[in-house]
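Peer 1: Okay, handing you the structure first.
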There are 2 protein chains.
Amino acid sequence: MATLIAPTHHSPQQDAEALRKAVKGWGTDEEAVIAILGRRNVSQRQQIRKAYEELYSEDLIKRLESELSGHFEKAMYRWILEPEERYCLLANVAMKNCNKDFHVIVEIGCVLQPHELLAVRRAYHNRYKHSLGEHVASHTNGYFGQLLVGLVSSYRYGGDEINERLAKTEADILHEFVKEKKGNREEVIRILTTRSKTQLVATFNRYREEHGTSISKNEASDEFHKAVNVAIRCIYDHKKYYEKLLRNAMKRIGSDEDGITRVFVTRAEKDLKHIKDLYYKKNSVHLEDAISKEISGDYKRLLLTLLGK
Amino acid sequence: MATLIAPTHHSPQQDAEALRKAVKGWGTDEEAVIAILGRRNVSQRQQIRKAYEELYSEDLIKRLESELSGHFEKAMYRWILEPEERYCLLANVAMKNCNKDFHVIVEIGCVLQPHELLAVRRAYHNRYKHSLGEHVASHTNGYFGQLLVGLVSSYRYGGDEINERLAKTEADILHEFVKEKKGNREEVIRILTTRSKTQLVATFNRYREEHGTSISKNEASDEFHKAVNVAIRCIYDHKKYYEKLLRNAMKRIGSDEDGITRVFVTRAEKDLKHIKDLYYKKNSVHLEDAISKEISGDYKRLLLTLLGK
């Protein structure tokens, strides 16, 4: 469930005018910007961008970029975009520092629905004049690169069919790799990049039954193994994965604001409510309280607004 | 240019009735079947299938399968289908004997436009309840499998931009592999599966300038190398590739009727006219004359009809 609160009716023109008022002249009325854009859904935001462009012959995003700053600016910029555009930007930024930010690429390949991933790949062509796979491939290499390229090139079957025999065989292949740090990496790539999510979840469940522990509980031995772990966690239950990302980022504030921003802007219209509930369950602290305590300023206000406060 | 001759106006009902007359009772009027279906374009054929199903509560394709036989039946079956369905079938049959028929998979990954390949992958889900990449991966292995999976998972950028520096670097990488039988196979896979066709053609041209010979002129050392060669030829100029396929198949009739059928049914509505002209240029024999001489019966009649005779 989403956390975003958006009005059923809104006037893109009035919103554009109010935004203009907030950004023009000396200083910017950040609270007004948040009050409007932080409470509009994806199609409303695009209507506002269009109305603003028509009224003032100026790109709203560029204007906000020049008026805002820091984590607040980054978050607002990412928030305004349509999901496909936003994932293109997230991927493009992440792959320039792929050894550190590889998990963004893995998330895109594993969290998105197959048709959403295709839409992102299409948008990537328009925005960067190259294919997403092409850029990922040129920033990575070895098995690590093969896994990442395979994940963003995947078009998984979306049906519910499960092959139990296959789940058993492939759980064993994965076990040999993640636990015994040996086994065929090509096979691990094949399994994670081509099987349907339903089949993979059956495989991970089978793993737990056979080996008495969750497949996501293991020590990564190198960057390939780290990427495998992120892929497994995103496929198994991306909401749990995002909850943990938030938990770690809140514990060491200053370490992963990009991660916090990413979770909020990509999930506020999807399942941030569920992630927020999980957060409370795991931390006995409400996510909004953690944000209020650890984060400050306009960035905090935007995050709380996206949480539906 | 297409060779197919289809009427501007046709009545799906009348066609369905004529087909019913041709298949019912003892014996089948193959010539009538060819005269109708061999002269209808893809949307007309789908309308006829629909009309036939509505009138006789029977699947036209299944009925024809039971009435016809041999290469004629196979060709008619493949011809009736929509392109996406047909490529799914071609891929599915080919991958069961992938060491011999790998070129069908490579063609699908390299000849089709990016959006056509996506449509095939979507249709594959519906037809086989698995992804195309998943099936290709489970029938292949090693670098050979990585190349094939990469080709059918590609979504190449379709723009005209060329990076000349990249063309030079990657021409050298390809040269080291195809001529010196060494070099990095992972790099060869990366180049062939992620670059845009325009960029790859620039790379192949650069190869010829630098090394004084066409990249497609080389002796394959193993199955991976063979698949690389087919990919290069399909990307460089698929019409030349198909002309040569027909030339070889005509020389040793009985050796590759599946190839002849594939070229005719997939290209009759696209560029078979161009392929036919190339055939004459290379062989000083008209393609229709070669078919009339080497092939017989209803199969011959269907091929000639698709050629616009």
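Peer 1: Can we say A:Val42 is farther than 14 Å from A:Asp258 by Cβ, surrounded by fewer than 20 Cβ atoms within 10 Å (Cβ to Cβ) and of a type in the set (Val, Ile, Thr)?
Peer 2: Yes, satisfied.
Peer 1: Mind checking whether some residue in segment B:225-246 is out of contact with any Pro (no Cβ under 7 Å at 6 or more places or on another chain) and within 14 Å of chain A (Cβ to nearest Cβ)?
Peer 2: No, because not a single residue in segment B:225-246 is out of contact with any Pro (no Cβ under 7 Å at 6 or more places or on another chain) and within 14 Å of chain A (Cβ to nearest Cβ).
Peer 1: Under the condition of being within 18 Å of B:Thr305 (Cα to Cα) and without any contact (Cβ under 8 Å) to a residue 60 or more places away in the chain, which residue from segment B:5-17 is least open to solvent (accessible area, probe 1.4 Å)?
Peer 2: B:Asp15
Peer 1: I've got another one for you. Would you be able to say whether some residue in segment B:1-10 is assigned to a helix (DSSP H, G or I), at pLDDT 95 or above and not small (Gly, Ala, Ser)?
Peer 2: Within segment B:1-10, none of the residues are assigned to a helix (DSSP H, G or I), at pLDDT 95 or above and not small (Gly, Ala, Ser).
Peer 1: Cβ contacts < 7 Å: first residue outside any helix (DSSP H, G or I), restricted to segment A:103-118; second residue open to solvent by less than 10 Å² (accessible area, probe 1.4 Å), any location; separation 6+ or different chain. Result?
Peer 2: Pairs found: A:Leu112/A:Val120.
Peer 1: Might you check whether a residue that is more than 11 Å from every other protein chain (Cβ to nearest Cβ) and either open to solvent by 60 Å² or more (accessible area, probe 1.4 Å) or touching a residue at least 40 places away in the same chain (Cβ under 8 Å) (or both) occurs anywhere in segment A:149-157? Step through it out loud before you land on a result.
Peer 2: Within segment A:149-157, the subset more than 11 Å from every other protein chain (Cβ to nearest Cβ) is none.
Looking for residues that are more than 11 Å from every other protein chain (Cβ to nearest Cβ) and either open to solvent by 60 Å² or more (accessible area, probe 1.4 Å) or touching a residue at least 40 places away in the same chain (Cβ under 8 Å) (or both), one finds none in segment A:149-157, hence no.
Peer 1: Residues of segment B:172-213 being open to solvent by 60 Å² or more (accessible area, probe 1.4 Å) and not in a helix (DSSP H, G or I), which ones?
Peer 2: If the condition is that a residue be open to solvent by 60 Å² or more (accessible area, probe 1.4 Å) and not in a helix (DSSP H, G or I), then B:Lys179, B:Glu180, B:Lys181, B:Lys182, B:Asn184, B:Gly212 are the ones that fit.
Peer 1: Still on this structure: Identify, from the list A:Ala51, A:Ala35, A:Ala22, the residue that is closer than 27 Å to A:Lys273 by Cβ and of a type in the set (A, V, I, L, M). So that I can check it myself, show each step before the final result.
Peer 2: Numbers: A:Ala51 fails: closer than 27 Å to A:Lys273 by Cβ; A:Ala22 fails: closer than 27 Å to A:Lys273 by Cβ.
After applying the criteria, what remains is A:Ala35.
Peer 1: Does segment B:253-309 hold any residues that are polar (S, T, N, Q), surrounded by 17 or more Cβ atoms within 10 Å (Cβ to Cβ) and closer than 11 Å to B:His71 by Cβ, and which are they? Write out each step before concluding.
Peer 2: First pass over segment B:253-309, keeping only residues polar (S, T, N, Q): B:255, B:261, B:266, B:283-284, B:292, B:296, B:305.
Subsequent filtering for residues that are surrounded by 17 or more Cβ atoms within 10 Å (Cβ to Cβ) retains B:261, B:266, B:305.
Within segment B:253-309, B:Thr261 is the sole residue that qualifies.
Peer 1: Restricting attention to segment B:158-170, report how many residues are without any contact (Cβ under 8 Å) to a residue 40 or more places away in the chain and either assigned to a helix (DSSP H, G or I) or at the interface with chain A (Cβ under 7 Å from one of its Cβ atoms) (or both). Don't jump to the end; show me each part of the working.
Peer 2: Step one: list which residues in segment B:158-170 are without any contact (Cβ under 8 Å) to a residue 40 or more places away in the chain, which gives B:159-161, B:163, B:165-167, B:169-170.
Next cut, either assigned to a helix (DSSP H, G or I) or at the interface with chain A (Cβ under 7 Å from one of its Cβ atoms) (or both) only: B:159, B:161, B:165-167, B:169-170.
So the answer is 7.
Peer 1: Restricting attention to segment A:122-142, which residues are facing chain B (nearest Cβ under 7 Å), assigned to a loop (DSSP other than H, G, I, E, B) and over 16 Å from A:Ser154 (Cβ atoms)?
Peer 2: To start, the set of residues in segment A:122-142 that are facing chain B (nearest Cβ under 7 Å) comprises A:125, A:129-131, A:133-134, A:137.
Remaining after also requiring assigned to a loop (DSSP other than H, G, I, E, B): A:129-131.
Result: A:Lys129, A:His130.
The values are calculated or read from the model by the stated rules, or taken from the named source; none is laboratory data. Keep in mind it's a predicted model, so treat the numbers as computed, not measured. Every residue, glycine among them, receives a Cβ derived from its backbone with ideal geometry; neighbour counts consider all protein chains shown. Side chains included, ligands, DNA and RNA excluded: accessible areas come from the protein's heavy atoms. Shrake-Rupley method; radii C 1.70, N 1.55, O 1.52, S 1.80 Å.
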